[in-house]
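The values are calculated or read from the model by the stated rules, or taken from the named source; none is laboratory data. These numbers come from a predicted model, not from an experiment. Don't worry about glycine lacking a Cβ; one is built from the backbone with ideal geometry, like all the others, and counts go over all protein chains shown.
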Amino acid sequence: MKIYLAAPYTHKNQKVIEARVKEINHIASTLLLMDHIVYSPISMFHSIAKENFLPITEDFYREQNEEFIKWCEAIILLQLPGWEKSIGFKKEIALAKKYKKLIIYYKRKK
């Protein structure tokens, strides 16, 4: 299955961002090992943005994200702490609904 992996990202505390990225990458790798085709925008752009001083705001990546949401068959929404407040997350949900994608809410049990 072609999956778009969505999760909350930005936070005022850099340690929270790094913990989120680690969790997102873990879930993405798990999906890859299950033979899914995965696009994880945070996994892709976190290092690029950090190393090249690019913005980390949702609006900078909006066009990229929308194209991949169109491409996918399903969107998995990682319910990491703070997901309910994430503006980018809400926009990804709206796009998934607009393009009639299968939406899967996922909260990992630790």
Residue list for segment 10-42, restricted to those being in a helix (DSSP H, G or I), crowded, with 18+ Cβ neighbours inside 10 Å and under 11 Å from the mean Cα position of the chain (by Cα): R20, V21, I24, I27, A28, P41, I42
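Within segment 68-88, which residues are assigned to a helix (DSSP H, G or I), modelled with pLDDT under 90 and in contact with a Phe, Trp or Tyr (Cβ under 9 Å, 6 or more places away or on another chain)? Don't jump to the end; show me each part of the working.
Taking segment 68-88 and keeping what is assigned to a helix (DSSP H, G or I), we get 68-71, 83-85, 87-88.
Imposing the further condition that a residue be modelled with pLDDT under 90 reduces the set to 83-85, 87-88.
Selection gives W83, G88.
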For segment 89-110, which residues satisfy the criterion of being in contact with a strand residue (DSSP E or B) (Cβ under 8 Å, 6 or more places away or on another chain), assigned to a helix (DSSP H, G or I) and of a type outside the set (A, V, I, L, M, F, W, C)? E92, K97
Looking at segment 35-57, can you tell me whether even one residue there is modelled with pLDDT of 95 or more and more than 24 Å from K98 (Cβ to Cβ)? yes
Give the residues of segment 53-67 that are touching a residue at least 24 places away in the same chain (Cβ under 8 Å) and part of a loop (DSSP other than H, G, I, E, B), sorted by residue number. I56, T57
Pairs please, first residue from segment 39-52 and in contact (Cβ under 8 Å) with a residue 12 or more places away in the chain, second anywhere and outside any helix (DSSP H, G or I) and hydroxyl-bearing (S, T, Y), Cβ atoms under 6 Å, 6+ apart in sequence or on different chains. Y39/Y4; I42/Y9
